[in-house]
Every structure is written in C-alpha cells, then in structure tokens.
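Trainee: Here's a structure for you.
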Amino acid sequence: MLKTVKLSVRKMTSHLQLLSSYLEMTDYTKALAQTKETLREMHALESSLTGLANLGMTVPEDGAVVVPHGSTVVSYEDVNVDVEMDEVRAVDKNEVRAGCGNDNPKTK
C-alpha cells in the first residue's frame, strides 16, 4: 500500500509540473486536461491514504511483531510522539528520544 502512495505522489508531482508548463506557455486547453488528470490522481491518492490511515495495528496478546532487518525497536515510552501502550507504529529517527534507540540493538 505504501508503494502505491509513493507512486501516486510521484505521478501527481509530474502532473503538476506539466500543468505549470502548460500555463506558462498559455496553452489553457492542455492545462485543463492536465488539471483533470491531476484531480483523478489526487482522488486515487486520497483513497490510498485513507486505507493506510484506517489500518489499526496492535500487538496481539502473547504475540510478536516482525520488523525488517536493520530496524531499531523501541518502546512507546522512548519516542517523542503520542503512541498508545498497545500500538505498533513506525516513527522517524528524529522522533526517538536521545539515547533510547542506540541502547537497543538493531535487528539481525
């Protein structure tokens, strides 16, 4: 799903660049067509983001979480963002409190 979102954002960026160039060349017919295409892509992006936003991920009772190789695993208490006690979430490196991520070994 994340790959779909990234692809959609790239397409939309490309559409906006084309739209800008058509406006600079005062080709309003092509600009209008490009705007319609950009809006279709924006609706696709909205659908993908809605799907990602509605994914609720929690650790199952007596379960485990699988993470990619090289990931750093920290507790919800070790981050600067609001994360519930039973919530699983990916955060940026700058959202991990100083000293907390380095104390935990990276996954093998």
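The values are calculated or read from the model by the stated rules, or taken from the named source; none is laboratory data. For clarity, every value in this text was computed on a predicted model and none was experimentally measured. Neighbour counts run over all protein chains shown; Cβ positions are idealised from the backbone, glycine included.
Trainee: What pairs come up if the first residue lies in segment 36-49 and is part of a helix (DSSP H, G or I), the second is among the polar types (S, T, N, Q), and their beta carbons are under 8 Å apart, counting only those six or more places apart or on different chains?
Mentor: Glu41/Ser8; Ala44/Ser8; Leu45/Ser8; Ser48/Thr4; Ser48/Ser8
Trainee: Condition (residue is at pLDDT below 85 and among the hydrophobic types (A, V, I, L, M, F, W, C)) applied to segment 36-46: is it met by at least one residue?
Mentor: yes
Trainee: While we're looking at this one, here's another question. Within segment 2-19, is even one residue modelled with pLDDT under 80 and surrounded by fewer than 13 Cβ atoms within 10 Å (Cβ to Cβ)?
Mentor: yes
Every residue, every condition in (1) at pLDDT below 75; (2) closer than 20 Å to Leu2 by Cα, yes or no:
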{"residue": "Val66", "(1), (2)": "yes, yes"}
{"residue": "Gly70", "(1), (2)": "yes, yes"}
{"residue": "Val73", "(1), (2)": "no, no"}
{"residue": "Asn80", "(1), (2)": "no, no"}
{"residue": "Asp86", "(1), (2)": "yes, no"}
{"residue": "Ala90", "(1), (2)": "no, yes"}
{"residue": "Asn102", "(1), (2)": "yes, no"}
